[in-house]
1. In the range A:115-126, which residue that is touching a residue at least 60 places away in the same chain (Cβ under 8 Å) and open to solvent by 30 Å² or more (accessible area, probe 1.4 Å) is nearest to A:Asn242 (Cα to Cα)?
2. Within the range B:193-305, which helices (runs of 4 or more DSSP H) (wholly inside it) include 3 or more residues that are open to solvent by less than 60 Å² (accessible area, probe 1.4 Å)?
3. Of everything in the range A:511-545, what is of a type in the set (S, T, N, Q) and part of a loop (DSSP other than H, G, I, E, B)? Give them in sequence order.
4. All but one of (1) open to solvent by less than 30 Å² (accessible area, probe 1.4 Å); (2) more than 9 Å from every other protein chain (Cβ to nearest Cβ); (3) of a type in the set (Asp, Glu) hold for B:Asp46; which doesn't?
5. Which residues, taken from the range A:286-309, are hydrophobic (A, V, I, L, M, F, W, C) and free of Cβ contacts under 8 Å to residues at least 24 places away in the same chain?
6. Would you check which residues across the range A:302-316 are in contact with a strand residue (DSSP E or B) (Cβ under 9 Å, 6 or more places away or on another chain), more than 13 Å from chain B (Cβ to nearest Cβ) and open to solvent by 40 Å² or more (accessible area, probe 1.4 Å) and list them?
7. Among the listed residues B:Val22, B:Val26, identify the single one that is within 14 Å of chain A (Cβ to nearest Cβ) and farther than 24 Å from A:Thr73 by Cβ.
8. Can you confirm whether A:Lys340 is surrounded by 17 or more Cβ atoms within 10 Å (Cβ to Cβ), more than 24 Å from A:Gly418 (Cβ to Cβ), more than 13 Å from every other protein chain (Cβ to nearest Cβ) and of a type in the set (Lys, Arg)?
Amino acid sequence: MSRNITWLNLGVIVVLAAMLLLGAACGPTPTPTKVPAMPVPPTPVPPTPVPPTPTPALPPETVVILQPGEASTLDWHKHCDMNAHEPDRNIFDTLLRRDMKTLEIKPHLAESFKLVKDTVWEFKLRKGVKFHNGEPLNAEAVKFSLERFVDPKTAAPGRGVVALIDHVDIIDEYTVNVVTKEPFPLLPVRMTSGHCGGNVAIVPPKYTKEKGDAYFATNPVGTGPFKFVEWKKDEYIKLEANTDYFLGPPAFKYLVFKPVPEPATRLAALLAGQADLIINVTPEQIPRIEASGVAKVKETTFGAFMIMTKITNYVQPGPWTDKRVRQAINHAIDLDTIIKAVLKGHGSVLGLPLEKEAFGKNPKLPEYYPYDPEKAKKLLAEAGYPKGFEMTIHCPNRRYLNDIEIAQAMAAQLEKVGIIASVQVWEQSVYATKWRLKQLLPAYIVAWGGAGLFDGDIMTYWAHTGSALSIYSNKEVDKLLDEARATMDPEKRKELYWKLQELLYEEAPVIKAWQQSHIFGVSNRLDWEPWIDNILLMYYAKLRK
Amino acid sequence: MTRYIVRRLLWAVVVLLGVSVVTFLVVYLTGDPTALYMGPEGTKADYELLQHAMGFDRPLYEQYWRFLSGAISGDFGLSLRHQRPTLPLVLEKLPATIQLALAAMAFAMAFALPLGIISAVKKDSLLDTVCMIIAMAGQCIPTFWLGIMLILIFAVQWHLLPVYGRMEWRSLILPAVTLGAWAMARTARLTRSSMLEVLGQDYMRTARAKGLAEQIVILRHALKNAAIPVVTVIGLEMGSLLSGAIITETVFAYPGVGRLAVEAVVNKDIPMVQAVVFVVATMFVVVNIVTDIFYVVLDPRVRLK
């Protein structure tokens, strides 16, 4: 009997251990549907003093960044992927770069650049710059890189925006002429670093040719501030400071990118001191970071992408082909209130989708259709729809911050003026295919820009009939866009964009656009500021002692 | 026995073929992946160029045939996203997933068997209730929530364990507990009911009447007989642990096959989805066969024809 009791005692100990383990997490047990996006820790946990040896502390001289996903490839020319762009931005360089504060386009790998004639741009290169493998940065490297990027065989996803580049002529060891098929005023902008917009990184010709594309994709070599060390799939990408960097060595030794898909886990890692910088912090997480005392929040809408709702005027017949109806829809929506309520203020209303810092922004235009339901009703009546109509707003599934809620709020406001709008949500891959086939009608939400472009040219992609993704058509708009694209004189180009915006204001081909904040969580030991396009540039970051 | 195994393996090939057709169709039906791999500013011509480069402009049957003929020779094609052969990538991640599944199973068994046995032996006592509450909790707490809670308590609050990744052995603890909770709960409840059934049998009374110690009666006579359905379930659980670590691997950013699967599906990386499904399905089939063999060993009444 006594042996029996011992055995039972053992069992009780095991059970108690299990209770401790599970019971700790047993607080309020929500049903699966009620799982909060960011659960707060259960209150029963007693505040415990920090143990003497805290687990996995961050290694010294190493900055650890948690990304929401993993890079697809590290060959800059072959992706359109934020998670890949972030390490790449630190491995490679571009010919030019914008000034972070003034947005002025400045030389970077190039020493200077000038327009020789309408279709020829000359770039003089910085001397003495070397790739991480020792290859020299010279005219041949620039020729190779630009021509590789526009070569259809490379199948670069961003090729379209620099497809006007015809070829590159080598003038001497450190001078190249970039020859374009047509006048291409945007060429300098496209030579600055940005995301996915054909911003061409300079790659080493000998290495790339010798090792082949497949090898280069996982063993990139650039001229950037950090050298590639190792990529362990789904675990980390490790970079090391390039001590020979032409602007001087970075302030710390290692830069590590790790993919952590779950936002709550990224937050936990930051709070536990296991990450220096986390991306895509949600507004609900901000108070926790601020209260933690171990990290802080960096938030900005500057250079953020513009999220807009396009409405068609020709692909699908219906009330929306009448501009008064499109104006009425805009007047009916109170986006300020929606941003305050749904994004908790972590965003800003833009109106016509062009950043206020962008080249060609018309500062004279009044606010884009202020909230005025009475006027909306009047316009609808004038257009012959006093009782409203039914329409669909297509929305991606959580591609943008609280996108579905914003769409639903817009639908609710439209109902007040008689428009019954239903929100149709699509999974991302389906959405991307459908928008290319112009099947998301009559209106759909999509984001544009945010790649550091800051140029009126961006309007092409939502307003030009010929754009693969535009569902709006207007001959005069097309003419102005085409003309601006081929105008080399900046002043004239600016005038064209001003005129264009006046026309677009009147035409209302989009429901007012907004920008969501980019929110980062930053450990106290990291001194870092977001870059203008919110893609991480870690060269200027420092680790506090 | 050998013939039985060979026949099972042949069936496994048919199963895998069926699985490949179904996955291919399901992934394909949701649309052409080209759009996802394009720059947003790309033109129609760029789209066609990329579509051709990825082979999605070919008829469906041709695409499937290309996949199948490659797969037979072990070539599952290049990942659309990574432009690297898919099978080596999956196999590279397999050890991590197997390690996690084994750890989860070890955790589950270490708790499930004692919990089940105790609550059966002490039926209707307070101890029984407590044990079953724990088991119920394991079954009804969502994996996602449990994972996050464990992280908040053990990593953020107490700084005892790593939050994410697979850097050292301690990285395995939280994911294993999270993943194993469900299997633990299910097995504990099954052990209890199975034990209760056996405890009422005549041979139990006989064993006690022989004067055997209670411990021996329960462990050797009751447990061995109660274990038969339990083993079946453990086998099935092992299969799900190997393939069902998707949520756990995502929450803990654990680099296993589940993460690969999520990434592949989200990015519509068809060759990668195919390779992952093939590997997971193979494991599932193998585990099932092994379970059946165990079954034979445990239960002499089951004879193979």
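The values are calculated or read from the model by the stated rules, or taken from the named source; none is laboratory data. Everything quoted here is computed from the prediction, not taken from an experiment. Neighbour counts run over all protein chains shown; Cβ positions are idealised from the backbone, glycine included. All accessible areas refer to the heavy atoms of the entire protein, side chains included, with ligands and DNA or RNA removed. Shrake-Rupley method; radii C 1.70, N 1.55, O 1.52, S 1.80 Å.
1. Result: A:Arg126.
2. Answer list for the range B:193-305: B:224-243, B:246-251, B:257-266, B:270-298.
3. Within the range A:511-545, A:Ser517, A:Asn524, A:Asn534 meet the criteria.
4. The number of the failed condition is (2).
5. Result: A:Ala291, single match.
6. Answer for the range A:302-316, where residues must be in contact with a strand residue (DSSP E or B) (Cβ under 9 Å, 6 or more places away or on another chain), more than 13 Å from chain B (Cβ to nearest Cβ) and open to solvent by 40 Å² or more (accessible area, probe 1.4 Å): just A:Phe302.
7. Criteria check complete, one pass: B:Val26.
8. Against the criterion (surrounded by 17 or more Cβ atoms within 10 Å (Cβ to Cβ), more than 24 Å from A:Gly418 (Cβ to Cβ), more than 13 Å from every other protein chain (Cβ to nearest Cβ) and of a type in the set (Lys, Arg)), A:Lys340 does not qualify.
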